[in-house]
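Shown next, in structure tokens, is the structure this report addresses.
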Amino acid sequence: MDRGDFDEGFYEEIWKIIKGVYGSYDFIMINDYGHGLINNQLAQRISSLDKFISANTQLNSENYGFNVISKYDRLDFFALN
């Protein structure tokens, strides 16, 4: 499983997309499967947004230790597995 072949430009593009649309919604729902799409910096940026934030993270033997809920500075609701 690849966990980080994305360069910094990739994460900046994802952030631009999120910033461009999040104002149109009442809350943010994150599904984080631990494959590297949401790195620590992006998780912190998402946590800083002024919206209700919900996250679901999946833990399994393939992503153990890479996909931790604690990488989010703030969540209003979370569910594991």
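Brief remarks follow.
- Residues (at pLDDT 90 or above and surrounded by fewer than 15 Cβ atoms within 10 Å (Cβ to Cβ)) located in the range 56-76: 73, 74, 76
- Matching residues, the range 19-63, being of a type in the set (A, V, I, L, M) and closer than 19 Å to residue 77 by Cα: 28, 29, 30, 38, 42, 43, 46, 49, 53, 55, 59
- Positions within the range 14-35 being among the acidic types (Asp, Glu) and either surrounded by 12 or more Cβ atoms within 10 Å (Cβ to Cβ) or under 20 Å from residue 81 (Cα atoms) (or both), in sequence order: 32
- Selected residue [surrounded by 13 or more Cβ atoms within 10 Å (Cβ to Cβ) and assigned to a loop (DSSP other than H, G, I, E, B)] from 38, 53: 38
- First in the range 51-62 and farther than 16 Å from residue 23 by Cα, second anywhere and exposed (fewer than 15 other Cβ atoms within 10 Å of the Cβ), Cβ under 7 Å, 6 or more apart: 55/78; 56/31; 56/79; 57/80; 58/81; 59/80; 59/81; 62/1
- Where residue 79 falls short, out of the listed (1) open to solvent by less than 40 Å² (accessible area, probe 1.4 Å); (2) assigned to a loop (DSSP other than H, G, I, E, B); (3) hydrophobic (A, V, I, L, M, F, W, C): (2)
The values are calculated or read from the model by the stated rules, or taken from the named source; none is laboratory data. Please read these numbers as outputs of a predicted model, since none were measured by experiment. Virtual Cβ from ideal backbone geometry, glycine too; neighbours counted across all protein chains shown. To get the accessible areas, we keep the full protein, side chains included, count just its heavy atoms, and leave off ligands, DNA and RNA. Shrake-Rupley method; radii C 1.70, N 1.55, O 1.52, S 1.80 Å.
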